[in-house]
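Every number in this text was worked out from the coordinates using simple rules, so none of it is lab data. A quick note: this is a predicted structure, and the numbers were derived from the prediction, not measured. Note that each Cβ is placed from the backbone with ideal geometry, even for glycine, and that neighbours are counted across all protein chains shown.
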Amino acid sequence: LALVERPRDLDGVSIVVSAGGTREPIDPVRYLGNRSSGRQGVAIARAAADRGARVTLVAAHLDADVRPDPRVEVIAAGTAEELGRAMDATAPDADVIVMAAAVADYSVAAVAQDKLRKQDSPGGLTLELVENRDIVAGLVAGRRVGQTVVAFAAETVADDDELRERARAKAARKGVDLLAANAVGWTQGFESADNALTIVGRDGEVVATASGSKDDTAHALLDAIVAVRAVSAD
Ligand code: CTP
Ligand code: CA
């Protein structure tokens, strides 16, 4: 086991990280979910604690083997709306916000109070979905001086060029300080200990690429965060 000495360059910094996948209820026993394990966000929270930060983890659904570090304060959030409320409550005190959670874009318009029965929808069922609010856009709009907001994007792309282009466009659209993009697919990106990130800045320039364990990519993202904060403090 190699012990890597990590810099204590986040001493006194408060960071809020969201992680995992939200679940949007359909009825009391069913939900719409996604394949996010929470592994990358939990690794970022742990890495930030290693570097001296005070860390809050806003945790949507995490896989059972993904356990937050005991130094991290955990706030559980089931749905996108709950996650949004937890971010709104914690963001004002945060120096850094990292939205690593996979937030549902839509929720079910009318959640059934009783379990749906097949006999009530013979032959097929149409669910009406309504768009959820964009949490990170709200955080950017409410950003105070000195606060750093970071988004993630998991994209199905043909190659690295397309991933960079998507990341560039999304960073600009969201107005975030940094956006970390990774490629995903049927057999890529999930249930894995490893990851590969392309990190772009405000103007869409690639500031770093990193691959390796999710701990390694977490530290690479924190390096990029420390670097943008040093520039904006000049
Ligand atoms: N996000 C958010 N609120 C939402 C949806 C997404 O805050 N309702 C955040 C995610 O946590 C992530 C970033 O926005 O940090 C980008 O998410 P992504 O799904 O890639 O972007 P969208 O704007 O939802 O665009 P699309 O899914 O159409 O690609
Ligand atoms: Ca989305």
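A few notes on this one:
- Largest-first ellipsoid semi-axes for the stretch 1-48, taking √(5λ) over the Cα gyration tensor eigenvalues, angstrom: 33, 14, 6
- The distance from the alpha carbon centre of the stretch 126-161 to that of the stretch 45-88 is 17 Å, rounded to a whole number.
- Gaussian network model of the chain, Cα within-10 Å springs - most flexible of 215, 161, 105: 161
- Multiplying the residue separation of residue 227 and residue 116 by 0.36 nm and removing their Cα-Cα distance gives an extension gain of 34.8 nm.
- Per-residue ellipticity at 222 nm, computed for the chain from helices alone with -39500 (n - 2.57) per DSSP H run of at least four residues, works out to -8500 deg cm²/dmol.
- Peptides ranked, highest mean first, by Cβ atoms within 10 Å: ranges 129-138, 112-121, 93-102: 93-102, 129-138, 112-121
- Rounded, prolate or oblate (a/c below 1.5 giving rounded, otherwise prolate when a/b exceeds b/c) for the stretch 1-104 by Cα gyration tensor: oblate
- Here the chain is assigned +1 on the Cβ of each Lys and Arg and -1 on the Cβ of each Asp and Glu. Its dipole about the Cα centre then comes out at about 400 debye.
- Charge dipole of the stretch 53-196 about the Cα centre (unit charges at C-beta), most positive-ward option of 178, 192, 156: 178
- Working from Cα pairs under 8 Å separated by at least six residues, relative contact order for the stretch 119-234 is 20 percent.
- Rounded to the nearest 20 debye, the dipole magnitude of the stretch 31-150 is 280 debye, with +1 charges on Lys and Arg beta carbons, -1 on Asp and Glu beta carbons, and the Cα centre as origin.
- Percentage relative contact order, the stretch 37-127, counting C-alpha pairs under 8 Å, at least six apart: 24 percent
- In terms of packing, defined here as the mean over residues of other Cβ atoms within 10 angstrom, the peptides 165-173, 202-210, 149-157 line up highest first as 149-157, 165-173, 202-210.
- Size estimate for the chain follows the Kirkwood approach: the inverse of mean 1/r over distinct Cα pairs works out to 18.4 Å.
- The chain, relative contact order in percent, only Cα pairs under 8 angstrom and at least six apart counted: 18 percent
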